[in-house]
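The values are calculated or read from the model by the stated rules, or taken from the named source; none is laboratory data. Quick caveat, the model's predicted, so the values are computed rather than measured. Neighbour counts run over all protein chains shown; Cβ positions are idealised from the backbone, glycine included. Surface areas here come from the heavy atoms of the whole protein model, side chains and all, with no ligands, DNA or RNA. Shrake-Rupley method; radii C 1.70, N 1.55, O 1.52, S 1.80 Å.
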Amino acid sequence: MTQLLLKKARIFDGWHADCAENMQVLVADGRIQEISQGPIKIADDARVIDASGLTLMPGMIDAHVHAFASDVAVARVEALGEAYRAAYATRMLNHALQCGFTTVRDVGGGNYSLYRALADGLIAGPRYFYAGRILSMTGGHGDMRQLEERPRYYSACACGDGPLANSFSVLADGVDECIKSAREELRQGAHCIKIMGSGGVLSPTDPIWMNQYREDEIRAIVNECTERRSYVAAHCHPASAVRRCVEYGVRSIEHGTLIDDDTAEFVARHGAFIVPTMAVCFALVETGRKLGLPSESQEKVEQIAREAISGLDRMRRAGVDVCYGTDLLGSTHVQQCREFTIRREVFSPLELLRQATSTPAEMMLMQGQIGCVAPGAHADLLLVEGDPLKDISVLAADGQFLRLIVRGGEVVKDRMS
Ligand code: ZN
Ligand code: ZN
C-alpha cells in the first residue's frame, strides 16, 4: 500500500474543540504513522494531498445498525432469504461508507460471514463489528411469533433443532441457556453480546414498558462477556429497564427512549453509555404504514417517538456518554445522516462530533484505535469541506461535503482533484 501524506491539515482529533492547524499526517500500512507540524520524510512514490481549507477528522462510527434488516417487517426479512439479505447488506454498507461512516457496530443479525466478505474486500463497506444474534427471553422482543402461534419448546438434544431462533435473535431462558447462547455467539466472533432488556417496536406480543430477563440471567451474560474482555449491549426503552440493566453490569444501552432524569444521572454515574436511535423512530412514524409495518408496531413507535427528544435532553443534562446510532430498516437506511439533523435540536456540534467518533470508540473498547486522529490509530479519515464544529450539517448531507474518505489507509472516495 502506498504511503499517503495529508499536508496543511486542520485537525479535529475526535475530542477537542481547538483544532491544530497546518499539520502533516502520514498514513501507511493502514495506520496513522505520524502527525507533525514540521515536514515528514516520505517514500518517493507517496501520494501527497494538500488539505488546506478543509477539516481532517476521524471517520465516523454508527454504533447501532442492522446490516441484514432488509425490510421494516421482520416476517418479510426472514421470508426473502439469505441472498436477498446479503444483497441488502452490500448496498447498505456501501452507502454508510460513502456517508463517512468508516465503522459500524451491527447489534443484531450480523455474522462472521459478512465480516469476512468485508475483510476480504469482496464488498466495500465500513469496519464491521457484530454482536451476532441477540439473546431474548421467550415472549421477549426477540420472539417474533404471533400471539396465535403455538409454543415450540427448546430441544436440547444434539439431533434436534436447537434453540428457537430467527436470523436476528435466539431465545434463551434461564441462566444455563443464557450462558450457553452467549458463549456460542462469542465463539463465532461476536464483538459483544446484545440482549433484549425490554419490550420493543417490531415484536408482536410484548408491551414496550415490560422489563425483560431476570437479574440472574443478565448478570450471568455480563459475567461471560467480562471473562471474554467483551461487554453487553441491551435494548431498553423504559427507564426501569435502563436502570436495572446498568445496575447489573450492562455497558451499552440501546435506545433509552423513555429515560427519566434520575435514571439518566444513574447511567452517567455508573459510566455506562447510551446509543439513542432517533432516525429509525422518525423514519417509521413518517413512512412505516406505507412500507408495511404491522399496525401494532406502528402504534408502539408513535408512542416512543413522542418522548424521544425530551429523552435526549435528559441525557445531555445528566452528562451521559451518548453515542451515534440509527437502527434503520429496509429502504430507510438512506436516512443514516439524519440522526445529526434530529439531535442538533439538543446537542452542540462538538457534542455531536464526539458522539460519532471518540465516545463510541471508548464504548466499544477501541479507544485510540478508531474514532480519533492520533498516531497508531487505524487510518479511518475524512476531509470535510467547511467546519463541522461550527455547522454539523456538513456531515448530515449523505457525504456531499466529504472530499476524501480513507478507510484503513485506503482511499475509498476521492474528490480532491
Ligand atoms: Zn432495539
Ligand atoms: Zn436495533
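Side notes on the structure shown:
- Residue check for A241: assigned to a helix (DSSP H, G or I), in contact with a Gly (Cβ under 6 Å, 6 or more places away or on another chain) and within 15 Å of ligand 2 (Cβ to nearest atom): yes
- Leading residue by the ranking (farthest from A63 (Cα to Cα)) among those in region 256-271 that are within 16 Å of ligand 1 (Cβ to nearest atom) and open to solvent by less than 10 Å² (accessible area, probe 1.4 Å): I259
- In this structure, A396 does not satisfy being at pLDDT 95 or above and within 16 Å of the chain's Cα centre (by Cα).
- Evaluation of V65 against the conditions (1) within 16 Å of ligand 2 (Cβ to nearest atom); (2) more than 16 Å from the chain's Cα centre (by Cα); (3) open to solvent by less than 10 Å² (accessible area, probe 1.4 Å); (4) not basic (K, R) shows that the sole unmet condition is (2).
- Selection count where residues are open to solvent by less than 40 Å² (accessible area, probe 1.4 Å), part of a strand (DSSP E or B) and either more than 10 Å from ligand 1 (Cβ to nearest atom) or touching a helix residue (DSSP H, G or I) at 6+ places or on another chain (Cβ under 9 Å) (or both), scope region 192-213: 4
- F129 being within 15 Å of ligand 2 (Cβ to nearest atom) and in contact (Cβ under 8 Å) with a residue 40 or more places away in the chain: yes
- Residue list for region 244-255, restricted to those being crowded, with 23+ Cβ neighbours inside 10 Å and either within 15 Å of ligand 1 (Cβ to nearest atom) or part of a loop (DSSP other than H, G, I, E, B) (or both): C245, V250, S252, I253, E254, H255
- Residue within region 14-23 that is touching a helix residue (DSSP H, G or I) at 6+ places or on another chain (Cβ under 7 Å), within 27 Å of Y130 (Cβ to Cβ), modelled with pLDDT of 95 or more and not hydroxyl-bearing (S, T, Y) present: yes
- For R116, the requirement of being among the basic types (K, R) and more than 26 Å from L383 (Cα to Cα) is met.
- Residue match in region 88-99 (condition: under 25 Å from R289 (Cβ atoms) and within 16 Å of ligand 2 (Cβ to nearest atom)): yes
- The set of residues in region 97-138 that are among the polar types (S, T, N, Q), open to solvent by less than 30 Å² (accessible area, probe 1.4 Å) and under 25 Å from S358 (Cα atoms) comprises T102, T103.
- Test: residue in region 272-281 that is open to solvent by 50 Å² or more (accessible area, probe 1.4 Å) and not hydrophobic (A, V, I, L, M, F, W, C): no
- Of the residues R10, R76, the single one that is part of a helix (DSSP H, G or I) and either more than 16 Å from ligand 1 (Cβ to nearest atom) or open to solvent by less than 80 Å² (accessible area, probe 1.4 Å) (or both) is R76.
- Taking strands (runs of 3 or more DSSP E) as the structural unit, those lying wholly within region 343-417 and holding at least 2 residues that are more than 24 Å from P276 (Cβ to Cβ) and open to solvent by 20 Å² or more (accessible area, probe 1.4 Å) correspond to 402-407, 410-414.
- Condition check for Y84: open to solvent by less than 70 Å² (accessible area, probe 1.4 Å), outside the structural domain of P388 (by TED's automatic domain parsing) and of a type in the set (F, W, Y): no
- Verdict on Q336 being modelled with pLDDT of 95 or more and open to solvent by 10 Å² or more (accessible area, probe 1.4 Å): no
- Cβ pairs under 6 Å, 6+ apart, first in region 90-112 and within 30 Å of G197 (Cα to Cα), second among the charged types (D, E, K, R) and within 12 Å of ligand 2 (Cβ to nearest atom): F101/D62; V104/D62; V107/K194; G108/K194
- Condition check for I49: part of a strand (DSSP E or B), away from ligand 2 (no atom under 16 Å from the Cβ) and open to solvent by less than 80 Å² (accessible area, probe 1.4 Å): yes
- Yes/no for V175 being β-branched (V, I, T), within 16 Å of ligand 2 (Cβ to nearest atom), in contact with a helix residue (DSSP H, G or I) (Cβ under 8 Å, 6 or more places away or on another chain) and open to solvent by 10 Å² or more (accessible area, probe 1.4 Å): no
- Considering the conditions (1) more than 11 Å from ligand 1 (Cβ to nearest atom); (2) over 26 Å from D176 (Cβ atoms); (3) in a helix (DSSP H, G or I); (4) not polar (S, T, N, Q), I221 is excluded by exactly one of them, (2).
- Residue match in region 22-42 (condition: in a loop (DSSP other than H, G, I, E, B) and of a type in the set (S, T, N, Q)): yes
- Test result for D216, open to solvent by less than 40 Å² (accessible area, probe 1.4 Å) and assigned by TED's automatic domain parsing to the domain that holds G142: no
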